[in-house]
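Some notes on the structure that comes next.
Since every read-out is calculated from the coordinates, none of them should be taken as a lab result. The shown structure was predicted, so the numbers you read here are calculated from the model rather than taken from an experiment. Neighbour counts are summed over all protein chains in view; Cβ atoms, including those assigned to glycine, are modelled from backbone coordinates with ideal geometry.
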Amino acid sequence: MACRPDGPGPLADLALREPSLAGPLGHQCPDGPPDGHRASPSQKFTGGFVWMTAPLLVFDLETQRIASEVGGWSNIRALGLSVGVTYDPENNLYRVYTEPEVDRLIADLRAARLVVGYNLYRFDYEVLRAYTDDPLDDLPTVDMLRDLHQVLGWRPKLDDVAAATLGERKSADGLAAVRWFREGKLDQVIEYCKRDVEVTWRLYEFGRRNRYVVVRSRGWRTQRVPVIW
C-alpha cells in the first residue's frame, strides 16, 4: 500500500503563518519502511523487501533545447535529454546516461527505493515521459521543490535554496548546459549535471538531519522552512 498524503494540511498552514513555530512538514507513513522513516508530501513508498535492498538515487538531467525553442514550458517533453546523472550516496557511485541510454536510466529509477531531486515531477520526469509509456507518477520520490512550494506558495530556485542553506551554489545554469551540448562539450555538461546532483544531495541531507532548510523570500527575508525528508 502506498502512502500518499493528501496535500499540505494544517502543518503547512501553520508554517505559512509562522515558520518558526511549525513542526516539520510531512506525514507519517504507516505502511512505509520498518525503520519508521517518515514521508514528505511528495514521497511515495512501495514497501516490501525491495525497500531494504534497492538504492537511494539522487537524480538530475539536462536538455538539448530550451523552452523558447519548443513553444514554451507546456512542451517540456520536446526539450530532449542530453545528459542524466544519478548518484547513489550509500556507495558513492555516479552513473551518467545520454539519450541512447534513456531506457537504462528509466529502469534504474524504477529500481530505486527512493528518488531524490528538485522539480522532478514538473521537469525531469516530464522530459523522460517523451521516451516511455511509463507515466513515472508512482516512483517513490522526494521532490524537494514540490514540498517547499506547498509551504511557501511559490517555487524557489535550487541555487537560491542551496546558497541560503549551505552557503554554496551551482556551477552554471541550464542555458550554459544547452550551449555546451551543442558545441559538443559533453564532458562539461556531465560535470555540471554531477555538480547539480551533489548540491541536491547535500541540501536533502541537511534537511533530513536538521528538519528545515533556509529560503530567502522574494522580499529578501530569510526564513527556515520545516521539512521531513
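Highest average first, the peptides 113-121, 92-100 ordered by how many other beta carbon atoms sit within 10 Å of their residues are 113-121, 92-100. Rounded to whole numbers, the Karplus 3J(HN,Hα) couplings from phi for the stretch 223-229 are 9, 8, 10, x, 9, 10, 10 Hz, using 6.51 cos²θ - 1.76 cosθ + 1.60 with θ = phi - 60°, and x at Gly and Pro.
The slack in the chain from ARG182 to ASN91, taken as 0.36 nm per residue of separation less the alpha-carbon distance, amounts to 29.5 nm.
The label point for ARG216 and the one for ASP160, both projected 7 Å from the Cα toward the Cβ, are 0.9 nm apart. Label zone of GLU99 (point 7 Å out along Cα→Cβ, amide N under 11 Å): in the stretch 169-206 this covers 182.
Annotation: amide H-H contacts under 5 Å for VAL142 (H modelled 1.01 Å from N, sequence separation of 5 or more, or interchain): VAL115, VAL116, GLY117.
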